[in-house]
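Please read the structure below before turning to the comments.
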Amino acid sequence: MSSTVSPFSAPLYVMLKPAGSMCNLRCRYCYYLEKKALYPDVSDFMMSETLLERFIKQYLGAQTQSYVNFTWHGGEPLLRGMAFYQKALALQKRYGTRFYIENCLQTNGVLLNDEWCRFFKDNNFLIGISIDGTAHCHNRYRVMPNGNPTFDRVMRGIECLKKHDVAYNAMATVNNYNADYPVEFYRFFKSIDCRYIQFSPVVETVNGKPAAWNVSARQWGNFLIKIFDEWVKRDVGAWFVQIFDATLAGWVGEKPGICTLAPTCGHAGVMEFNGDVYSCDHFVYPSCKLGNIYSNTLVEMMYSEQQSKFGAVKYDSLPASCKACKYLFACNGECPKNRITETGHKERLNWLCKGYYRYFDHVAPYMEQMKRDYLRNLK
């Protein structure tokens, strides 16, 4: 049975790229720097204030609920400069008087200073920091254009956020190197009092083959299990690891809060610096371009037949082994971009499949107990 995406089944959500794929770092596993090649004749990748106003007016006009989230992403969004975000806030106030608006910004942290942090605190921004664990783990791949390490500079940015009491969480990629240090990795985030942690497994291809820096399925499963065992002993309710919360959501039949574990895709688009809108941040390809905001409305693009089909493919293209898996309810095949393992049946299996299976098998007894507790508390 096809798992179709119904129009207006979820709030309209589009991530913004105010500086396109421009970045002040050269992280070796980055999938987004190459997006410059989509615009070979462009030298200035900065979003104009005219486009910003057009987006904000349309975005707020399309919302059907009182809470609205703006997500600023990159590249490195701080390259666009503070005046741009000041303009954005003014436009949000002008067009969004009936909404509660939250702004989230994902940064590598290198450009953070007192001025930025005061601005974020004064305007209630939630900041996502990209950091891959302790110094030797982080510096393995997250480097400056000249190859110099970035850990110390990112830590200064985090300390500045804490100094100004800015709400932040950590987005940590898990690669073939830091995946071998799970407990050290987790304890590091506890040591800097980062209570909200997200993991993003690195799975990419280079010239059609799995990249050398990919986390393997074995590593991924072991990484999650080791951290879960550390977390479940004493940190439940005090430290929040996104994938553990999402796993429990799957167990109790709720939405997972992570698009990769949801049954369908297509709920989160992305708009580039020039107004081009794509189906997903990980599918910024010509074939997944929905249009441009200067010629199509956000509603037309995000609720289009093309986007609906994009969302449905996640389930429809699952291998038979996935559809028969006892953990399909928790995994849903994970992100389609990670389906790079040939099965021999003209189907592609998720690169991390065996790792997820081991993880779900390991946490199942705990999840069953948490599910019982959750359902009991609902009564």
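Among ALA320, ALA211, ALA312, the largest mean-square fluctuation in a Gaussian network model of the chain (Cα springs under 10 Å) belongs to ALA320.
Computed over the alpha carbons of segment 1-122, Rg followed by Dmax gives 16.2, 54 Å.
Panel note: the C-alpha atoms of segment 124-216, placed on their principal axes, show extents of 44, 30, 24 Å (largest first). Legend: residues LYS323, LYS233, LYS314, sorted from most to least accessible area (1.4 Å probe; ligands, DNA and RNA excluded), read LYS233, LYS323, LYS314. The modelled label-to-label distance for the pair GLU254/ALA90, using points 7 Å beyond Cα in the direction of Cβ, is 4.0 nm. In the chain the longest region clear of GluC sites (Glu not before Pro) that are loop-assigned by DSSP and have at most 15 other C-beta atoms within 10 Å covers 1-253. Would you look at the GNM of the chain, springs on alpha carbons closer than 10 Å, and say which of PRO256, PRO319, PRO77 moves the most? Between PRO256, PRO319, PRO77, it is PRO319 that shows the largest mean-square fluctuation.
Within the listed set ASN24, ASN350, ASN332, the residue fluctuating most in the Gaussian network model of the chain (springs between alpha-carbon atoms under 10 angstrom) is ASN24.
In the distance distribution for the chain, Cα-Cα pairs more than 34 Å apart total 27 percent. Loop-located trypsin sites (Lys or Arg not before Pro) in segment 45-130 (DSSP state other than H, G, I, E, B) with a sparse environment of at most 14 neighbouring Cβ atoms within 10 Å: ARG98. Taking all Cα pairs closer than 8 Å and separated by 6 or more residues, the relative contact order of the chain comes to 18 percent.
From the gyration tensor of the Cα coordinates in segment 134-185, what semi-axes in whole Å does the equivalent ellipsoid have, largest first, with each one equal to sqrt(5λ)?
21, 16, 8
A simple rule links phi to the HN-Hα coupling: the Karplus curve 6.51 cos²θ - 1.76 cosθ + 1.60 with θ = phi - 60°, which for segment 314-322 gives 3, 7, 4, 9, 5, x, 4, 5, 5 Hz, with x for Gly and Pro.
What is the extension gain from ASP193 to ASP41, computed as 0.36 nm multiplied by their sequence separation minus the C-alpha to C-alpha distance, in nm to one decimal? Walk me through the intermediate numbers first.
Working: separation 152, 0.36 × 152 = 54.72 nm, distance 4.45 nm.
Gain on stretching ASP193 to ASP41: 50.3 nm.
Here the gap between LYS233 and LEU375, fully extended at 0.36 nm per residue and compared with their Cα-Cα distance, gives a gain of 49.0 nm. Taking 0.36 nm per residue of separation and subtracting the current Cα-Cα distance, fully stretching the chain between ALA135 and ARG26 would add 37.6 nm.
Near MET15, the amide H atoms lying under 5 Å from its own belong to GLY269, VAL270, MET271; only residues 5 or more places off or on other chains count, and H is placed 1.01 Å from N.
Can you grab the distance from the C-alpha centre of segment 14-39 to the C-alpha centre of segment 184-228, Å, no decimals? So the separation of the two Cα centres works out to 21 Å. Of all beta bridges that DSSP places with both ends in the chain, some 30 percent have antiparallel geometry. Here the contact order of segment 232-318, divided by its residue count and restricted to Cα pairs under 8 Å and six or more residues apart, works out to 23 percent. Using a cut-off of 26 Å between Cα atoms, the listed pairs LYS35/LYS190; LYS35/LYS346; LYS17/LYS323; LYS36/LYS209; LYS93/LYS309 include LYS35/LYS190; LYS35/LYS346; LYS17/LYS323; LYS93/LYS309 as exceeding that distance. Converting phi to 3J(HN,Hα) with the Karplus coefficients 6.51, -1.76 and 1.60 and the offset θ = phi - 60°, segment 178-188 yields 6, 4, 8, 10, x, 5, 4, 4, 5, 5, 4 Hz in sequence order, with x at every glycine or proline. By the gyration tensor of its Cα atoms, with a ≥ b ≥ c the square roots of the eigenvalues, what is the shape of segment 197-270: rounded for a/c under 1.5, prolate for a/b over b/c, or oblate? In terms of gyration-tensor shape, oblate. Post the alpha-carbon centroid distance, segment 321-377 to segment 116-165, in whole angstrom. Between the Cα centres of segment 321-377 and segment 116-165 lies a distance of 32 Å.
Taking a straight Cα-Cα cut-off under 16 Å and skipping sequence neighbours fewer than 8 places away in the same chain, the aspartates and glutamates within cross-link reach of LYS255 are ASP245, GLU334. Residues in segment 17-23 carry Karplus couplings, in order, of 10, x, 10, x, 9, 5, 8 Hz; the curve used is 6.51 cos²θ - 1.76 cosθ + 1.60 with θ = phi - 60°, and Gly or Pro positions show x.
The values are calculated or read from the model by the stated rules, or taken from the named source; none is laboratory data. For clarity, every value in this text was computed on a predicted model and none was experimentally measured. Positions of Cβ are generated from backbone atoms using ideal geometry, with glycine treated the same way; all protein chains shown enter the neighbour counts. What goes into the accessible areas is simple: the full protein's heavy atoms, side chains included, and nothing from ligands, DNA or RNA. Shrake-Rupley method; radii C 1.70, N 1.55, O 1.52, S 1.80 Å.
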